[in-house]
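Each remark here refers to the structure printed beneath this line.
The values are calculated or read from the model by the stated rules, or taken from the named source; none is laboratory data. All values reported here derive from a predicted model rather than from experimental measurement. Neighbour counts are summed over all protein chains in view; Cβ atoms, including those assigned to glycine, are modelled from backbone coordinates with ideal geometry. All accessible areas refer to the heavy atoms of the entire protein, side chains included, with ligands and DNA or RNA removed. Shrake-Rupley method; radii C 1.70, N 1.55, O 1.52, S 1.80 Å.
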Amino acid sequence: PARMGLPTLALLLAAELLHTQASPSARSFQLDYEHNCFRKDGAPFRYISGSIHYARVPRPAWRDRLLKMYMSGLSTVQVYVPWNYHETLPGVYDFTGNRDVEAFLDLTAELGLLVILRPGPYICAEWDMGGLPAWLLWKPDINLRTSNPAYLAAVDSWLHILLPKIKPRLYQQGGNIISVQVENEYGSYYACDYGYLRHLLGSFRALLGSEVLLFTTDSTRAEELRCGTLQGLYATVDFGPGSNVTEAFGAQRHVEPKGPLVNSEYYTGWLDYWGEAHASTSAAWVARGLEDMLQLGASINMQSLSLQLTTLSWPGADYKDQYKPVTTSYDYDAPLSEAGDPTEKLFAIRTVISKFQPLPIGPMPPATPKYAYGWVALQKVSAYSKGCTAPAQHCSTAQHPSLSLQYADFLNVLDVLCPSGPIQSQFPLTFEALKQAHGFMVYHTQLPWDVPDPATLGAPPHSICDRGYVMLQKEYQGTLERDGQTTLHVTGRAGDTLDILLENMGRISFGANTSDFKGLLGNLSLNSRPLSNWLIYPLAIDTAVQQGWPHTALPKSSSGGRVGPAFYTGTFETPGIAWDTFVKFPGWRKGLLWINGFNLGRYWTCRGPQQTLFVPGSVLHVGHPNNITLLELEGAPPTPLLLFLDRPLYNRTLGCSTMATE
């Protein structure tokens, strides 16, 4: 590899101010192959950047997180754009609220930060399906991330919506976006389709112009750099602390003999998977690797510097010999914590940066205030078995004194959760066949014959995607799981109801073909005899909760302790403040939590490592009650309580056996 630590380059970089301003007509951001550096407005330049995912940070916290990144000494932030977050259905776009990417980019400019944009179309980011919309799978034979015509047509349609919003914000146009990544780590994907990369290059050039710097990112493995790079796209690499920096950049030099050294993803931490230990990376180790790279004059993006929660719909999964779903929290052991708090690691990074360039004047903004709201009692939701013909959310004992109550185990409220009613099918259908992107579906049938002795209820290999909660005559029997238990023993009589509540745990975002279909992908059998005549309920739980269900129908008293899926509710008030908090689930097993209709995601305390869910203060009310809705999937504790803390909790893997009735 060519020599990379040129003293003259270091002197040039030290002399260049990181926030040089110039008139729009003079603005440029280019590669300098002769001096192995970037040039910004003609002067040598290197960036020190950190990743932030606007889709994972509540909009009220955007400014706080970006200001802390700026005060850390960063000149630049790297920003993913998840396609599926914005085009939720074909041709249906959402750029409002937390999805207002233009407002986020404008805020970065206001705070004096440059931007490296990663618009995909595939982004990975441990995000559902790597940012690709699930509706692409409505065409079962589509080949994602290839030159497949159906896929390219969808990509082109999306890019024609997104990139015109980006172009006015390019550095050359007077904005602050200095470079744009095309695809992401494509060399790790099986397809190795150069025609696809050429098509993307042509589309980006047509929509963004000839001046913008376009680049790729891949690991340092030779075969991945071979498939992930293309002439016309500047090739960068990614690697973490502990790597031999000279060897890692040597891999970049094999595909880019000249030009700036760039690590586009320097891993300051790592993600967590359900059922594995909480990942952590030492501050000293991260700081040492950063300093080694800066001494070589390299440009660096730290992945990830500021990250936060991922709500239920969006966590992805890796596939590494088996399906590995990502936890709700995307804390990543990042230098800025899930709650946006500066950590020891952030200050270690800041110290290293100060050796190479001046830091902004002023103090680091403090950690956000937290509050431990304490214990909150929950009650099991009741449904009304007679006396009210209106939908369940409109029934109450005050309105209808003659109502009788029964506890709302999950199957008793399907009329609320699936108001359009079920779909009939001889055999099970997938989420995609019914155009259900996320969440849950119920598969309902009946036992076709008497089963006096235990019979095996089973599924073909790899056909449970991803967890199925089995109920016979509305009694919970146990759980079938992808890459886990796929059989249960049951008894019953002909005509007994059999229901499987099927949970989508997140589509694969890395490590395999991203065509990750959900639901029952094969038929269930009883003692190897196929079951048929199914009613399938696509559930809209989020919609029901956001519309206020079930808080108009709270029971006066009820208890937990019964196994199987069921809803629980409760309320709590804030003492004149709405600060960030963390909720713990003592005795609960696995489920979902909403507060004031906001989906805070999945808990799975018996499997770990995540033991708490982060609750941003921005979702809480002051002056009137905060409504809690909880869906427990396997079994509530005898006394259903939640505990609100002022700090997160993690542990090592606990592991949980499948819970079943005696």
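Here are some notes:
- At R0 = 60 Å, FRET efficiency that the Cβ-Cβ distance of GLN357 and THR487 yields, to 0.05: 0.50
- 16 Å reach of a label modelled at ASP141, 7 Å along Cα-to-Cβ, counting backbone N of region 412-455: none
- Environment charge at LEU633 (Cβ cut-off 10 Å; Lys +1, Arg +1, Asp -1, Glu -1): +1
- For region 80-172, the list of chymotrypsin sites (Phe, Trp or Tyr not before Pro) that fall in a loop by DSSP and count at most 15 other C-beta atoms within 10 angstrom reads PHE95.
- Using a simple spin-label model with pseudo-atoms 7 Å out from Cα toward Cβ, ALA377 and ASP415 lie 3.0 nm apart.
- Cα pair distances in region 41-355, grouped into 10 Å bins until the bin that holds the longest one, percent each: 6, 28, 38, 24, 4, 0
- Rounded to whole Å, sorted largest first: equivalent-ellipsoid semi-axes of region 473-631, Cα gyration tensor: 34, 20, 15
- Length gained when the stretch PHE347-HIS160 is fully extended (0.36 nm per residue, less Cα-Cα span): 63.2 nm
- Per residue accessible area in Å² of the chain, where ligands, DNA and RNA are left out and the probe is 1.4 Å: 37 Å²
- Estimated dipole of the chain in Debye, rounded to 20 [Cβ of Lys and Arg +1, of Asp and Glu -1, Cα centre]: 620 debye
- Counting Lys and Arg as +1 and Asp and Glu as -1 over every other residue whose Cβ lies under 13 Å from the Cβ of ILE536, the net charge comes to 0.
- Kirkwood hydrodynamic radius of the chain, from inverse mean 1/r over distinct Cα pairs, in Å: 26.4 Å
- D (Stokes-Einstein, µm²/s), Kirkwood Cα radius, region 420-539, 1.002 mPa s at 20 °C: 148 µm²/s
- FRET efficiency for the pair ALA206 and ARG529, taken as 1/(1 + (r/R0)^6) with r the Cβ-Cβ distance and R0 = 45 Å, rounds to 0.20.
- Full-stretch length increase - CYS192, LEU89 - with 0.36 nm per residue and alpha-carbon distance subtracted: 34.3 nm
- Within straight-line cross-link reach of LYS590, lysines at Cα separation under 16 Å, skipping those fewer than 8 residues along the same chain: LYS380
- Pairs with C-alpha atoms separated by more than 24 Å, drawn from the list LYS167/LYS355; LYS40/LYS167; LYS258/LYS355; LYS68/LYS370, are LYS167/LYS355; LYS258/LYS355.
- Think of each Lys and Arg Cβ as +1 and each Asp and Glu Cβ as -1; about the Cα centre, that makes the dipole of region 420-539 roughly 220 debye.
- Charge dipole of the chain about the Cα centre (unit charges at C-beta), most positive-ward option of HIS438, PRO637, ASN176: ASN176
- Take every DSSP beta bridge whose two residues both sit in the chain; close to 75 percent of them are antiparallel.
- Evaluating kT/(6 pi eta Rh) at 4 °C and 1.567 mPa s, with the Kirkwood radius of region 235-289 over Cα pairs in the Stokes-Einstein relation, gives 102 µm² s⁻¹.
- Principal semi-axes in Å for region 488-532 [√(5λ), Cα gyration tensor, largest first]: 30, 12, 9
- Full-extension gain in nm, ALA103 to LYS435, via 0.36 nm per residue minus C-alpha separation: 116.5 nm
- Its alpha carbons considered, region 83-198 gives a radius of gyration followed by a Dmax of 14.9, 46 Å.
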